[in-house]
Each structure stands twice: as C-alpha cells, then as structure tokens.
Amino acid sequence: MDAEERDIINYLKSLPNQFVSGREICWRAGGKWKFRENSNWATIVLARLLEKGIIESDSTNHFRFVQAKKKEKPKKWVSPQIKKILEKSSKDFSKVIEIKEEEEGY
C-alpha cells in the first residue's frame, strides 16, 4: 500500500459509514497543493482500492471505507447452576431482552 492509498483510507476512516465524492477525496486527502497540481489525482488510486475491496462505491460514484464486521461473541451463562435451574423450570427464555455492550473506549 503506497502513501496515496493510505491518505485516502485514513480520510475515509475519519468519516465512517458516509459516502464521499471523488472530488472531495482529491481535495481533502491530498491537500490543496496536490489538488492544484492535479485535480483528479485520486481517480486511479480509488479504482485500485475498489478492486482490492478496501472501499466501496454507490450508484452516484461516491466512496466509503468498508468497515470490518465484528465477530459475535458466544453467549455464556453466568453460572452452570443458574443454567440448570432455568432449564428445570421448563420455561422458554428464547425471547429474553438482550443488553448490548457499549463500544470500547467510552
């Protein structure tokens, strides 16, 4: 991965789940001096990143970074004793409300 690809990926990572136009990427990812030298410098780099599957495009030719899917953690019982007690009660616990864990870093 070269420096131009890293610049584009870092810019798109700063805007998660948001599609950005190619012209905006040319301006923001490379800076105004690079944009003034060649206003379409990122088009070839964007095509390479699309082929690699690192970014994706919508129907209006806007781009965004492909977020890696998080693996689901297997559900665990608090203790085996509670599991046995609940199984003996013969009630259905499949429709229990699940509490989503907060994202790390907060």
Per-region count, the stretch 31-49, residues in a loop (DSSP other than H, G, I, E, B) and among the small types (Gly, Ala, Ser): 2
Members of the stretch 50-85 found to be under 30 Å from Phe19 (Cβ atoms), outside any loop (DSSP other than H, G, I, E, B) and hydrophobic (A, V, I, L, M, F, W, C), listed by number: Leu50, Ile55, Phe63, Phe65
Per-region count, the stretch 3-39, residues at pLDDT below 90 and within 19 Å of the chain's Cα centre (by Cα): 2
Residue check for Lys88: exposed (fewer than 10 other Cβ atoms within 10 Å of the Cβ), at pLDDT 75 or above, under 19 Å from the mean Cα position of the chain (by Cα) and basic (Lys, Arg): no
Residues of the stretch 10-21 satisfying the condition of being assigned to a helix (DSSP H, G or I), surrounded by fewer than 17 Cβ atoms within 10 Å (Cβ to Cβ) and in contact with a strand residue (DSSP E or B) (Cβ under 7 Å, 6 or more places away or on another chain): Lys13
Single residue of the stretch 22-41 satisfying the filter (within 11 Å of His62 (Cβ to Cβ) and in contact (Cβ under 8 Å) with a residue 12 or more places away in the chain) that is surrounded by the most Cβ atoms within 10 Å (Cβ to Cβ): Ile25
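The values are calculated or read from the model by the stated rules, or taken from the named source; none is laboratory data. Just so it is clear, the model here is predicted, and its values are computed rather than measured. Every residue, glycine among them, receives a Cβ derived from its backbone with ideal geometry; neighbour counts consider all protein chains shown.
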